[in-house]
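Below is one structure, written out as structure tokens; comments come after it.
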Amino acid sequence: MRQTILFRQWVALGLMICLIGLVDRAMAQQPQNSPAAVGTTFTYEGRLTDEDGNPLEGVYDFQFKVYDAPSSGNQLGVTVVSDNVTVLDGRFTTPLDFGGRVFTGDFRYLEIGVRPGNRLDAYTPLAGRQQLPVAAYALALPNLWSEPNSTSPNLIGGHPDNSVTRGVVGATIAGGGAPGQTNHITDDYGVVSGGHNNQAGDNAGLTSDTPFATVGGGLANNALNAYATVDGGWLNRAGGPFSTVGGGSQNNAGDIYATVGGGLDNTAGAPGATVGGGWLNNATNIYATIGGGYNNKANEIYTAIGGGSYNMASGSWAVIGGGYNNYIGGAYSVVPGGQDNRAEGDFSFAAGQQAQANSPGCFVWADASKTDLPCNTPNRFMVRATGGVYFFTSVDQNSGAALPPGSGSWATWSDRQAKANFAPVDSQDILTRLANLPIQTWNYKTQEPAIRHIGPTAQDFQAAFGLGEDERHISTVDADGVALAAIQGLYQLSREQAGQIETLQRQNADLEARLTMLEELLKNQRSGE
């Protein structure tokens, strides 16, 4: 004879396959949805055939032993004998109870012997021990019952009033529940793992329109759409397909793929919207995101707020990093943080305190002065830094430029310690070159012709003096240096000219004195005649 083990798999997770067979039969004598004490007994269902595979019929005695190894090993628990078991078309069932200490989580193997009923012959062992599934290890589970059906039975544990809507298949309530606060599943394949007053499914009549909803636990949570999940917490609601609430309290993921990680009274109310946590945050447009904080609002598509409080992003693809009471109304705009900043224009940027980028392309950086800094002209760069503006072009901060506090002109770094390779300058030569340098008035092509400037071109300046990095730019330090050297040359020339003038003045005075003497002498001579 040969034997084939057939376990009824009533539980979706496969945790109590053998137990449920016994429970199902017990339920035939009691109302559905009432718990049955399972204890350590489970039902074995097998199939008995001859050597050619033909099913046997009749009455047989069976002997069952449990071992800790597939061969040899140690017998565990008692030997169970089932006499006069009816076999129909090769199939039979019998309850088995090896005691509660046999199944501890390790692998167990069942050895079976059989003989014709009402005989005292020795048992014929069936070939090979059968490994028992994990199902047999989960014994002594009171307050656990099943609702069999032809598709996938429901498994209900916990409070006796926990329930599954009639017609639902594949549902699991693992436990929890309390008087007046029971767990309930209204749609196919829903799961409530524990807690109480939780619901998986929309309870809208149909049992197949919102399947696979899951509530992990907590209190008064609702997963109301297909594949929606509430992990735990209190009064949370996952109302969109594939939506998720991780925990916290009074959070709502109300649309498809919406997510609320936790916190209090947060809402992700549009497809793909996300709120990580915090309190009273609302992401209400497609793929809008709020990381956390308090009372932030992301109202347009693809907007993001990192945190802070009382921030509002109402421009598409806009970002507020954090801070307090910041606002974006322009698309693709950024407020990294700070307080009371506004980016109204598209592609604008406002940072600091009370920076106002009111036009497209405005970049406004405002310091901590409590005064508005508005940008009302498109594509303007504005900075308010009452402590000065400093730009460094070297790691050691020995080169760069600064606009000191209260100043209206740039100061470039000119520290002797930052310079090298000094060489003298022939100021007269510089003056001569400067005298030959073409100086003209002109306008930039990017400005109106009426806006005039005066000076040389960078190419002429480079050709005359060979200074600077290239022939397209004139550094102010070089222009200033040329001017100072030329002034020195003019000074030297003026000193030389002053000396010459002084000499000429002395010579002229001497000549005038001599002329006066001659005139006096001539006058006297004429008088003597």
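The values are calculated or read from the model by the stated rules, or taken from the named source; none is laboratory data. Everything numeric here is computed off the predicted structure, so don't read it as measured data. In this analysis, Cβ positions are derived from the backbone assuming ideal geometry, glycine residues included, and neighbour counts consider all displayed protein chains.
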Every listed condition ((1) of a type outside the set (D, E, K, R); (2) surrounded by 21 or more Cβ atoms within 10 Å (Cβ to Cβ); (3) free of Cβ contacts under 8 Å to residues at least 12 places away in the same chain) holds for Ile305 save (3)
Could you figure out which of (1) farther than 24 Å from Pro148 by Cα; (2) surrounded by fewer than 24 Cβ atoms within 10 Å (Cβ to Cβ); (3) in contact with a Leu (Cβ under 7 Å, 6 or more places away or on another chain) isn't true of Thr229? (3)
Can you spot a residue in the stretch 198-206 that is in contact with a Ser or Thr (Cβ under 9 Å, 6 or more places away or on another chain), within 11 Å of Thr172 (Cα to Cα) and surrounded by 21 or more Cβ atoms within 10 Å (Cβ to Cβ)? yes
Out of (1) touching a strand residue (DSSP E or B) at 6+ places or on another chain (Cβ under 7 Å); (2) loosely packed, with under 11 Cβ neighbours inside 10 Å, what's the single condition that is false for Gly406? (1)
Kindly list the number of the only condition in (1) modelled with pLDDT of 95 or more; (2) over 30 Å from Leu493 (Cβ atoms); (3) touching a strand residue (DSSP E or B) at 6+ places or on another chain (Cβ under 7 Å); (4) of a type in the set (S, T, N, Q) that fails for Thr441. (2)
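Against the condition more than 52 Å from the chain's Cα centre (by Cα), closer than 30 Å to Arg495 by Cα and among the small types (Gly, Ala, Ser), how does Ala450 come out, does it pass? Full working, then the answer.
Numbers: more than 52 Å from the chain's Cα centre (by Cα): yes; closer than 30 Å to Arg495 by Cα: no; among the small types (Gly, Ala, Ser): yes.
So Ala450 does not fit the description; no.
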Just checking, how many residues over the stretch 268-282 are touching a residue at least 24 places away in the same chain (Cβ under 8 Å) and outside any loop (DSSP other than H, G, I, E, B)? 2
Please go through the stretch 406-432 and pick out each residue that is within 15 Å of Asp478 (Cα to Cα), aliphatic (A, V, I, L, M) and free of Cβ contacts under 8 Å to residues at least 60 places away in the same chain. Ala411, Ala423, Ile430
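Suppose we filter Ala464, Ala483, Ala458 for residues that are in contact with a helix residue (DSSP H, G or I) (Cβ under 9 Å, 6 or more places away or on another chain), of a type outside the set (Asp, Glu), at negative phi and surrounded by 14 or more Cβ atoms within 10 Å (Cβ to Cβ); which single one remains? Outline the logic, then answer.
Working: Ala483 fails: surrounded by 14 or more Cβ atoms within 10 Å (Cβ to Cβ); Ala458 fails: in contact with a helix residue (DSSP H, G or I) (Cβ under 9 Å, 6 or more places away or on another chain).
Testing whether each residue is in contact with a helix residue (DSSP H, G or I) (Cβ under 9 Å, 6 or more places away or on another chain), of a type outside the set (Asp, Glu), at negative phi and surrounded by 14 or more Cβ atoms within 10 Å (Cβ to Cβ) leaves just Ala464.
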Looking at the stretch 408-458, which of its residues are under 26 Å from Phe392 (Cα atoms), of a type in the set (Ser, Thr, Tyr) and assigned to a strand (DSSP E or B)? Thr412
Pick from the stretch 353-403 the residues that are at pLDDT 95 or above and among the acidic types (Asp, Glu): which of them is surrounded by the most Cβ atoms within 10 Å (Cβ to Cβ)? Asp367
Taking the stretch 61-88, which residues are of a type in the set (D, E, K, R) and touching a residue at least 40 places away in the same chain (Cβ under 8 Å)? Asp61, Lys65, Asp68
Check on Val192, in contact with a His (Cβ under 9 Å, 6 or more places away or on another chain) and β-branched (Val, Ile, Thr): yes
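Limited to the stretch 255-268, what total is found for residues that are surrounded by fewer than 20 Cβ atoms within 10 Å (Cβ to Cβ) and touching a Gly at 6+ places or on another chain (Cβ under 7 Å)?
Total satisfying the criteria: 3.
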Strands (runs of 3 or more DSSP E) completely within the stretch 314-386 that count 3 or more residues being over 30 Å from the mean Cα position of the chain (by Cα): 373-375, 381-384
Tally the residues that are surrounded by fewer than 19 Cβ atoms within 10 Å (Cβ to Cβ) and not in a loop (DSSP other than H, G, I, E, B), restricting the search to the stretch 283-300. 1
